[in-house]
Amino acid sequence: MSHPSVVTLQRDSRPRVLFSGDRLVEVDLPAGTRVIYPKPPIEPLKDPAAAIRYALSHPLGTEPLYAKLRPGMKVTLAVDDISLPLPPMKRPDARAQVLEVVLELLADHGVDDIEIIIATGIHRRMKAAEVRHMVGDRVFERYWPDRLYNHDAEDRDNLTVLGTTELGEVVEINRRAAESELVIYVNLNFVPMNGGHKSLMCGLASYRSLSHHHNPETIRACDSYMDPKKSELATRLWRMGRLCNQKLNVFTIETTINNRMFERPLEFLTKNEDELDGRERALLAGLVATTKRLPQAARQAIFEKFPAPYGVTGVWAGETEAVHEKTLERCFEQYCVPVEGQSDVVVFPIPYISPYNVHAFLNPLLVSVLAQGYLFNMNRGVPLLKKGGTIVLLHPCSDKFDHEQHAPYIDFVHRLLPETRDAVELHKRYERKFASDPAFIQMFRTGHAYHPAHPFYMWYWGENGRQHAGRVIVVGADNEYIPRLMGWETAPSMDEALYRARNGEARTLSVSCLRVPPIVMTDVSLK
């Protein structure tokens, strides 16, 4: 019996309305297509503040937070950056709610040597307004910018090596955190790849440390990096994180949220098109027409106007691994949909936003990350796509980049990809040189650009999708150059894309469409 979120289209089914960048487009999918919708949002906690206090007083695998505190001690809080959730969460952000409770507890115990570090890793620095939105007005006004600030992964004076794992992996992190008597990590867990040891090992690490797991070899060895039990990425992070936690006194706090991405008037976007009422159908038709007609900046502004009304669904605190086990259970409960069997073709609508383009345009390299990285890996263990099958993308693939955030991406796409798409070759020949480029490093440290190694990591992130899929066909591209640069084909329509996937043969293909956003993951059972 199929899950309610899996809808098999009949010949009289309505067209599906799917994201293609910041446009909404009507797509006729063939009868028999499985459209996999996200689950309904889990009911949020009625009193998140009470749940946070309870978690701090009843932690997993360690003593309560208050028992770790004494007057005058040196405490560092680290907090996830703007890359998650997507889109940014309607205030109050879950991290702000945790910070308020934790800082109150620290004050009650005479702890005033406190700094809050935004765990950006090699992501871009957050801007003041973004930080205020995330942490709330009171925390921002009290601590920014001297005691609330972005981590700097290139500030050699403020990095320190904690040690080396048995496999030679160097654990190098922020010096302030390393020299603190207590490190409290505040995590908002949006996808199961994040959280756990990844929080400290990516968020407060140096480029040298990150390079041990952000590489083609690691990603190729992952069955799905959204399933930690089958992820070489998680294995390496866990090994390094355990060394870190042996050296430091780490107290982990993780929160989960539901998938209520759209608030009124856009809430109907999560529904099955066959179940919309007359008013909702009219609104949807109007939005399709509007996004077709408006210029790009205005289209994107429609969706950025509404922060997501996510609700907090769980809070756990204590020892890192014990906490993360509970977090994963709630994540999988919200996201995972059982699906019977793999498909010859999987359709991925690519929306306007990723973790790496908040308040910026989704450039073509980030399109590839979403397609062959995140969406391909939205499964526990077994991909939705058969080995050698076809991925069909819906996206314009415009040759456009945000020059403030993504300056290093431009050189990577237009100078390096024409030479080679081989991730191992890019890693060996170019990564170190790019990573030390003084101009790009300056933009990273003093502006709001991603680290020059970041576009390489984005390319590696899609490596297991590239190795698994036989071909990628883009529907809706506004040019042929970018898809060809990525190693993809283009087709003028969905019918033509599916015809090509059949290689012109008169045979039936099994087709699935991942109806995103919001997030949905598959639990595929093999027939």
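Taking Lys271 as the anchor, which lysines have their alpha carbon closer than 17 Å to its alpha carbon, excluding any fewer than eight residues away along the same chain?
Lys39
Counting pairs of alpha carbon atoms under 8 Å apart in space and at least six apart in sequence, what relative contact order in percent does the chain give?
Averaging sequence separation for qualifying contacts and normalising by length gives 22 percent for the chain.
Taking R0 as 45 Å, what FRET efficiency do you get between Glu263 and Arg415 from their Cβ-Cβ distance, rounded to the nearest 0.05?
Taking R0 as 45 Å, the efficiency between Glu263 and Arg415 is 0.60.
Rounded to the nearest 20 Debye, what is the dipole magnitude of the chain about its Cα centre when Lys and Arg each give +1 and Asp and Glu each give -1 at the C-beta?
In debye, rounded to 20, the chain gives about 680.
So how far apart, in nm, are the two label points at Asp495 and Lys387 if each is 7 Å from Cα heading toward Cβ?
3.5
Check cross-link reach from Lys326 to the lysines: straight Cα distance under 16 Å, and skip same-chain residues fewer than eight apart.
Output for Lys326: Lys198, Lys229.
Please get the size of the charge dipole for region 48-257, origin at its Cα centre, with Cβ charges of +1 on Lys and Arg and -1 on Asp and Glu, quoted in debye to the nearest 20.
The calculated dipole for region 48-257 is roughly 280 debye.
Would you mind ranking Thr33, Thr270 so that the residue whose beta carbon has the fewest other beta carbons within 10 Å leads the list?
Least to most surrounded, the residues fall as Thr270, Thr33.
Compute the projected area of the convex hull of the Cα atoms of region 370-494, averaged over all viewing directions, and report it in nm² to one decimal place.
Computing the convex hull of the Cα atoms and averaging its projections yields 8.2 nm².
Near Glu340, within a Cβ-to-Cβ distance under 14 Å, what is the net charge of the other residues, with Lys and Arg +1 and Asp and Glu -1?
Here the count lands on +2.
Sorted from largest down, what three extents in whole angstroms do the Cα atoms of region 48-257 have along their principal axes?
In descending order, the Cα extents are 46, 35, 34 Å.
Could you list log10 I(q)/I(0) for region 1-142 at q = 0.12, 0.18 Å⁻¹, which the Debye formula gives when each Cα is one point scatterer?
Summing over Cα pairs of region 1-142 leads to -0.72, -1.11.
Rg (Å, one decimal) plus Dmax (Å, integer) for the alpha carbons of the chain?
For the chain, the Cα radius of gyration and maximum Cα-Cα distance read 22.7, 76 Å.
Given the -39500 (n - 2.57) contribution per DSSP H run of 4+ residues, what per-residue ellipticity at 222 nm results for the chain, rounded to the nearest 500 deg cm²/dmol?
After summing the helix terms and dividing by residue count, I get -9000 deg cm²/dmol.
Through the Karplus equation 6.51 cos²θ - 1.76 cosθ + 1.60, θ set to phi - 60°, convert the phi angles of region 218-231 into ³J(HN,Hα) values in whole Hz; use x for Gly and Pro.
My calculation for region 218-231 gives 5, 5, 4, 8, 8, 6, 7, 7, 8, 10, x, 5, 10, 10 Hz in order.
Evaluate region 483-527: find the radius of gyration of its Cα atoms, find its Kirkwood radius, and give the ratio Rg to Rh.
1.05
If packing is taken as the average count of other Cβ atoms within 10 Å, what order do 374-380, 214-220, 44-50 fall into, highest mean first?
374-380, 214-220, 44-50
How high is the relative contact order of region 48-257? Use alpha-carbon pairs under 8 Å, at least six apart in sequence, and give a whole percent.
Rounded, it is 22 percent for region 48-257.
Any read-out appearing in this document is the output of simple, stated calculations on the displayed coordinates, not a laboratory observation. None of the values given here were measured: they were computed from a predicted structure. All Cβ positions, even for glycine, are placed from backbone atoms using ideal geometry, and neighbour counts span all protein chains on display.
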